[in-house]
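**Q** Starting off with a structure, shown below.
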Amino acid sequence: MKLSGWQGQQNRRSSKSHKEKQIDLFKHATHMKEGPVEIKIPHFHLEMVFGRLFEKLRSEQIYLLDQALAAHRIPYFTSLVSKGHALDIVINQGQAEAVRAIIDELQKSPDHIVRITSRIGDWCELEPQGLPRHLMSHQWEFAVYYEYPDNLDFSLRKTEFLFTNNSRTVFGIREWYGDDRPNHNALGKMATKIIMDEKFRNTLISADPNLQLKWKDR
């Protein structure tokens, strides 16, 4: 029966993981850099909200953006934010106006909203809360990085819980978007758990080279 076949196809589609969907979206972005660390600083962020676009059209928009930026020899990195409803496009600050002009030319549909947002960050050192006295001489350092855009109507605040060891050979991170984040005291308790619970610590360790840059000169 046609209906049964259609339902089976829908079930197969819905079984795709979030990671697989991201790979599908970006598979034609062949000129995108591996990460923001490959973009010359200072960085600038363009946020592109997809609006009501279907996933296929989102993939096409990413492809067209990739081709246009490549034609102008503009290095970039982009990732999904706002639960997959927007792209955060990282470029060099000196190319912000050129990239905005490219995006304005690409996007004529009212389903799109493009805003340039410079992200401002606050670095705050973090002390473990409730750490037993015999563990006070530990090797770990902690910080919280609060990042927020100029235009909060079109982007979410970002909170990063960061840690590294004294020799700067191990780095870890956990992120939250919007107001759904732990308070400072809860983050201090999380720092204590990092020290005491190796299994938990290993779940947050990351090889992202940008973490080394964040801790540089700290």
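Every read-out reported here was derived from the displayed coordinates using simple, explicitly stated rules and does not represent laboratory data. Quick caveat: nothing in here was measured; it's all calculated off a predicted structure. FYI the Cβ positions are ideal-geometry reconstructions off the backbone, even for glycines, and counts take in every protein chain you see.
**Q** Distance check, please: which entries in Lys33/Lys189; Lys40/Lys189; Lys33/Lys193; Lys27/Lys158 exceed 30 angstrom between their Cα atoms?
**A** Working: Lys33/Lys189 36 Å; Lys40/Lys189 36 Å; Lys33/Lys193 34 Å; Lys27/Lys158 26 Å.
Long pairs (Cα-Cα over 30 Å): Lys33/Lys189; Lys40/Lys189; Lys33/Lys193.
**Q** Now for a separate question. Summing +1 for each Lys or Arg and -1 for each Asp or Glu, what net charge is found among the other residues whose Cβ lies under 13 Å from the Cβ of Arg181? Don't jump to the answer; show the numbers that get you there.
**A** Details: positive: Arg157, Lys158, Arg174; negative: Glu147, Glu160, Glu175, Asp179, Asp180.
My count for the surroundings of Arg181 gives -2.
**Q** Calculate, for Gln129 and Lys40, the FRET efficiency according to 1/(1 + (r/R0)^6) with r their C-beta to C-beta distance and R0 25 Å; round to the nearest 0.05. Show your work: numbers first, answer last.
**A** Working: r = 39 Å, r/R0 = 1.55.
About 0.05, to the nearest 0.05.
**Q** Relative to the present Cα-Cα distance, how much length would full extension add between Ala186 and Asn165 at 0.36 nm per residue of separation? Let's see the in-between values first.
**A** Working: separation 21, 0.36 × 21 = 7.56 nm, distance 2.05 nm.
5.5 nm is the gain from fully extending Ala186 to Asn165.
**Q** Please work out how much length the chain gains when fully extended from Asp208 to Lys193, using 0.36 nm per residue of separation minus the C-alpha to C-alpha distance, in nm with one decimal. Display every interim value, and only then the final one.
**A** On the way: separation 15, 0.36 × 15 = 5.40 nm, distance 2.17 nm.
Between Asp208 and Lys193, full extension yields an extra 3.2 nm.
**Q** Note down the nm distance, to one decimal, between modelled labels 7 Å out along Cα→Cβ at Asp179 and at Ile74.
**A** For Asp179 paired with Ile74, the spin-label model returns 3.4 nm.
**Q** Could you work out how far apart the two model spin labels at Arg201 and Glu105 are, taking each label as a point 7 Å from the Cα in the direction of the beta carbon, and quote it in nm?
**A** A separation of 5.2 nm, rounded to one decimal place.
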